[in-house]
Amino acid sequence: MKAMLLAAGRGERMRPLTDSLPKPLLTVRGRPLIVWHILNLVRAGITEIVINHAHLGHLIEQALGDGSQFGARIAYSPEDPALETGGGIAQALPLLGPEPFLAVSADIYCPYFDFADTLDVLKDTDVLGNPIPPEQRDMAWIYLTKNPWHNPHGDFGLTLYQVSNTGEPKWNFANIGVYRPEMFADIVPGTHARMGPVIRAWAERGRVGGELIDTDWTNVGTIAQLEALNAPYGGRGQA
């Protein structure tokens with residue numbers, strides 16, 4: 001399975017730090033946010049990685065190169081301007097190929113998440129080994145967390161590994177998911193598209209699975225959060 005690290009965001013709330021450095025290269029505990037993901041992906045056996053970028057993207061390419069220093073092979077999908085998450089994925093599909101792929105926001109911090117758990121979540125056969133008809137297969141498998149302070153009402157309901165738009169309680173989307181490329185067929189490459197509506201459209205059809213994870217997870221959106229993660233004994237729990 002290939003992975004895509006979503007690294008095209010401007011990081012407005014992190015200014016002035018992001019005036020001269022892309023947000024995914026901000027450092028937590030001596031390591032850039034995006035490098036935490038790369039090392040954890042390689043540890044899980046996922047070595048083919050696609051990275052999109054926009055703001056100061058050349059610095060990301062300079063820092064990471066072809067990925068060989070991490071035991072990975074990195075391809076880049078530059079955007080000008082940034083296309084939002086859904087648009088960025090649609091643009092990168094030729095690099096990702098025809099099989100399900102993992103997509104992770106490069107600016108989250110979740111150092112203990114085991115990406116090996118994502119390798120076989122989208123099933124083509126049932127528990128008896130019988131093929132699942134294509135029109136009944138899950139199109140995505142997303143990961144949810146307890147609601148952080150900045151998203152107290154959550155995003156999606158979850159019942160028996162089935163994601164819904166209306167179920168209660170709602171949980172926070174962790175910006176980690178496995179997707180079939182067909183999910184993005186209606187997005188014209190090079191156009192802006194958000195990820196939320198894409199997931200919600202397929203969840204409405206009952207075609208999105210998911211699970212709740214209990215691990216350190218932070219959507220690093222403010223300088224205060226970054227400082228907290230780098231403080232002594234920081235990085236535990238949501239921030």
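Leaving out same-chain residues fewer than 8 places away, which lysines sit with a Cα under 30 Å from that of LYS123?
Cα-Cα hits under 30 Å: LYS2, LYS146, LYS170.
Based on the alpha-carbon set only, what is the convex hull volume of the stretch 82-177 divided per residue, in Å³?
Here the figure is 149 Å³ per residue.
Need one number for the stretch 58-131: average projected area of the convex hull over its C-alpha atoms, nm².
Across all orientations, the stretch 58-131 yields a mean hull projection of 7.1 nm².
Using the beta-carbon distance between LEU59 and ASN230 and R0 = 22 Å, what value does 1/(1 + (r/R0)^6) give for FRET efficiency, to the nearest 0.05?
Computed FRET efficiency for LEU59 and ASN230 comes out at 0.60.
Quick one: of the DSSP bridges fully inside the chain, what percent are antiparallel, nearest 5?
Bridges in the chain that DSSP calls antiparallel: roughly 50 percent.
Using the count of nearby Cβ atoms within 10 Å as a rough guide to exposure, how do LEU226, LEU64, LEU122 rank from fewest to most?
The fewest-first ordering by Cβ neighbours comes to LEU122, LEU226, LEU64.
Take the alpha carbon gyration tensor of the stretch 170-239, find the square roots of its eigenvalues, order them as a ≥ b ≥ c, and report rounded if a/c is under 1.5; if not, report prolate when a/b exceeds b/c, else oblate.
prolate
Starting at the first residue of the stretch 181-198, write each ³J(HN,Hα) from the Karplus equation 6.51 cos²θ - 1.76 cosθ + 1.60 with θ = phi - 60°, in whole Hz, x for Gly and Pro.
With coefficients 6.51, -1.76 and 1.60, one gets x, 4, 4, 10, 5, 8, 9, 6, x, x, 9, 7, 7, 7, 7, x, x, 5 Hz.
With both partners inside the stretch 104-239, how many of the DSSP beta bridges are antiparallel, as a percent to the nearest 5?
Beta bridges within the stretch 104-239, antiparallel portion: roughly 75 percent.
Using DSSP to define loop residues, name the trypsin sites (Lys or Arg not before Pro) in the stretch 175-207 whose beta-carbon has at most 11 other beta-carbon atoms within 10 Å.
ARG205
Counting other Cβ atoms within 10 Å, which trypsin sites (Lys or Arg not before Pro) in the stretch 1-36 have at most 14 and lie in a DSSP loop?
ARG29
Kindly express, to the nearest 10 degrees and within the range 0 to 90, the angle between helix 33-43's C-alpha long axis and the longest C-alpha principal axis of the chain.
With rounding to tens, the tilt is 50 degrees.
Chymotrypsin sites (Phe, Trp or Tyr not before Pro) within the stretch 50-151: which are DSSP loop residues with at most 16 other Cβ atoms inside 10 Å?
The qualifying sites are TYR112, TRP149.
What FRET efficiency would be calculated for the residue pair SER68, ALA201, taking the C-beta separation as r and a Förster radius of 35 Å, to the nearest 0.05?
0.35
Using +1 at the Cβ of each Lys and Arg and -1 at the Cβ of each Asp and Glu in the chain, identify which of LEU59, PRO232, THR125 lies farthest towards the dipole's positive end.
So the residue furthest toward the plus end is PRO232.
Read the figures in this text as sums done on the coordinates, not as results from a lab. Just so it is clear, the model here is predicted, and its values are computed rather than measured. Counting neighbours? That spans all protein chains shown, and the Cβs are built from the backbone with ideal geometry, glycine included.
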